[in-house]
1. If I model a spin label at Leu124 and Asp11 as a point 7 Å from the Cα along the Cα→Cβ vector, what separation in nanometres do I get?
2. Charges at C-beta only: +1 for Lys and Arg, -1 for Asp and Glu. How large is the resulting dipole of the chain about its Cα centre, in Debye rounded to 20?
3. Can you work out the base-10 log of I(q)/I(0) for the range 45-181 at q = 0.13, 0.20 1/Å, using the Debye formula on its C-alpha atoms alone?
4. I want to check a number: in the chain, how many lysine pairs have alpha carbons closer than 28 Å, given a sequence separation of 8 or more or different chains?
5. Using the Kirkwood radius built from alpha carbon pairs, what does the Stokes-Einstein equation give as D for the range 12-113 at 10 °C and 1.306 mPa s, in µm² per second?
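No value in this document is a laboratory result; all are computed from the given coordinates. In this text, all values refer to a predicted model and were calculated from it rather than measured experimentally. No Cβ is skipped: glycine too gets one built from the backbone with ideal geometry, and neighbour counts run over all protein chains shown.
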Amino acid sequence: MAKKLGKLASDRVVQSFNQQIGNELGASNQYVQIASYFADASLSELAKFFYKQSNEEREHAMKFVRFLIDVEGKVAIPPVEAPKLGFKSAADAVQASLEWEMTVTQQIYELVEIVRAEANYIALRFLDWFVTEQLEELSTMKTLLDLVNRAGEANLLYVEDYLARRGGVVSANPIGEGEAP
């Protein structure tokens, strides 16, 4: 029989992390909705990009699930809010994704403050990855929005071509993509 480690996360941390599981699953659903918008418009590269984003958000939720299991916290997934439906334009859909990432960034910051206040350094180290990930997510969505706005609704095929040529990677900063700084 395995020996219990003892409580590695307070009830507040467990509850907050469970809420974040719901937030990440909500983000996954929102990205499926956005991907579907682009698929309906026959913009397959944008659809593929957002389906991939959806999978990443689900993976983020699963990281929280695994963490809670590792610290012997009880996983209790909350109800997930329905995604926003209907977008007026490609820019509207991408703007919604940028706003969602700004919200998630704030949620992660709040989690950092909770675990810092409790001096839970295991949880703090765990959240470091998410803080760094949010910088990438914000940068990616801001760049994609800039590209969509620059192309305009009539020229979204340029954005499709850009995504296809770059393997679905959106980056305004090519440093770190095999190029020397």
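1. Each label point is offset 7 Å from its Cα along the Cβ direction, giving 2.4 nm.
2. My answer is approximately 600 debye.
3. For the range 45-181, the Cα-only Debye profile gives -0.69, -1.28.
4. Taking the chain as the scope, the lysine pair count is 19.
5. Answer, rounded: 112 µm²/s.
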